[in-house]
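Heads up: the structure comes next, in structure tokens.
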Amino acid sequence: MSTYQGGPALPQERRLVTEIPGPKSRELLARKQAAVPPGIGTTLPVFVTRAGGGVVVDIDGNSLIDFGSGIAVTSVGNAAPRVVERVSRQVADFTHTCFMVTPYESYVEVCEKLNELTPGDHEKRTFLVNSGAEAVENAVKVARLATGRQAVVVFDHGYHGRTLLTMTLTAKNMPYKQGFGPFAPEVYRVPLAYPYRWPTGPENCAEEAAAQAIDAINKQIGAGNVAAVVIEPIAGEGGFIEPAKGFLPRIAEYCRENGIVFIADEVQTGFARTGQLFACEDEGIVPDIITTAKGIAGGLPLAAVTGRADLLDKVHAGGLGGTYGGNPLACEAALGVLETIESEDLVARARRIGEIMLPRLHAMQERFDVIGDVRGRGAMIAIELVKPGTKEPNPEVVAEIVRRCHAEGLLVLTAGTYGNVLRFLPPLVMPEHLLEEGLAILEKALSA
Ligand SMILES: Cc1ncc(COP(=O)(O)O)c(C=O)c1O
């Protein structure tokens, strides 16, 4: 892994030359606060000038270790060479035509590749939009039209975006929903198999959670009224909750038996992040529709809806699309990302990151009784923090650890329904010495 030669010529080192944030960042933060509403939060107020490989460099000259990838986006690294090369060429040729007005090849090529790479060898179609939320909204539109049904089933701890429909699909009230109602109709929430917090223990979790979910659907909605089930194969914002093994296959089987469209929201888990190209592959799930975004285009705004041809072909001409969906720069970026994943074998790199991180985190769990759970796959790893000796969420200690990591130049993110999860999403091209250094900073923060 440390042999990676790509990325811009940025020294792959942590280097702090001011306090964090430094004076120039603080000045910009004051401007931000005057110009941008507080609803747009800031995890770490350092203003970035460059990024690549495993580091983010700020305006004061500090080089920070990146355990966030811009929330699971720059998996191939920031400004990855193949992305830069393709986008640079494209920006000089043409920047936009609107694919619905006069098409171009790169859009078609991205769709062909997604049809080929996503789980299942059935005939598929793909169309492109701008964001994860837009992809999920469109997947629901397709499912409703194709089935002639209205109800949509989602899960506890689910996150699907911030638009009206996707915030309705999202489980957590604060900050995503508070005050933004009324919400979209015909959305129903059922239990998720959350092993760490399952009342009768992780060994019973998959079976009991699936039975409860299916019973709720049958009793409260009626299977015949359900257009789609929308689920993240690993709940992302909800706290990197990997459903107990067996849960996803049971839900997928129930959907098949009842003509319900199974939509896998792989916006966060997709594109090698979990040590497989798509997280659904882990239990051999073949979704009817899969939504992707984030890691798809190395930071350019792009998202996709890929699914069974017989479902997607039902939608009338003009029923799908948008001005910018599948913008040519974003399509070129996506092609550069797919080339990079293959040529750098980033699936294997993600697995290797997990192999390094999980044992280190488990060792920390032995030492520090605030770590209740260590979980995740590949380079999508989290620890859940609790009050010692209990499973009571401990968001206060998370905030303190984050503060210490940031001050030491390690960018980490939080997550979780209870705000008590530290999540780690390093770029898959992260050099190993930076991964180790980041873990050492985390350990130091935990011991403090
Ligand atoms: C699983 C999942 N779905 C949908 C979204 C929404 O994506 P976007 O922020 O691109 O709209 C996210 C974003 O975090 C996500 O993690």
Margin query: Tell me yes or no: at least one residue of the range 362-384 is within 23 Å of THR43 (Cβ to Cβ) and touching a His at 6+ places or on another chain (Cβ under 8 Å).
Written below: yes
Item checked: Residues satisfying the stated conditions in the range 341-351, i.e. part of a helix (DSSP H, G or I) and either under 19 Å from the mean Cα position of the chain (by Cα) or on the phi > 0 side of the Ramachandran plot (or both) -> ILE341, LEU346, VAL347, ALA348, ARG349, ALA350, ARG351
Next item on the list: Could you please let me know if GLY239 is surrounded by 24 or more Cβ atoms within 10 Å (Cβ to Cβ) and touching a residue at least 40 places away in the same chain (Cβ under 8 Å)?
Entry: yes
Check: Which one is farthest from the chain's Cα centre (by Cα) among residues in the range 110-132 that are of a type in the set (A, V, I, L, M) and over 11 Å from VAL305 (Cα atoms)?
Finding: VAL110
Check: Which condition breaks for ASP156 when tested against (1) farther than 30 Å from VAL108 by Cα; (2) charged (D, E, K, R); (3) in contact (Cβ under 8 Å) with a residue 12 or more places away in the chain; (4) in contact with a helix residue (DSSP H, G or I) (Cβ under 6 Å, 6 or more places away or on another chain)?
Finding: (4)
Note to self: Restricting to the range 90-108, name every residue that is over 12 Å from ALA330 (Cα atoms) and either assigned by TED's automatic domain parsing to the domain that holds GLY52 or part of a helix (DSSP H, G or I) (or both).
What the structure shows: ALA92, ASP93, GLU105, VAL108
Notebook entry, point to check: Filtering the range 253-274 down to residues that are under 16 Å from THR306 (Cβ atoms) and not in a loop (DSSP other than H, G, I, E, B), which residue is nearest to the ligand (Cβ to nearest atom)?
Noted result: ASP265
Notebook entry, point to check: Among the residues of the range 93-145, which ones are small (Gly, Ala, Ser) and more than 16 Å from the ligand (Cβ to nearest atom)?
Noted result: SER106, GLY120
Notebook entry, point to check: What number of residues within the range 118-176 are within 17 Å of ALA415 (Cβ to Cβ), surrounded by fewer than 20 Cβ atoms within 10 Å (Cβ to Cβ) and small (Gly, Ala, Ser)?
Noted result: 1
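The values are calculated or read from the model by the stated rules, or taken from the named source; none is laboratory data. Bear in mind that the values here come from a model prediction, so they are computed numbers and not experimental data. FYI the Cβ positions are ideal-geometry reconstructions off the backbone, even for glycines, and counts take in every protein chain you see.
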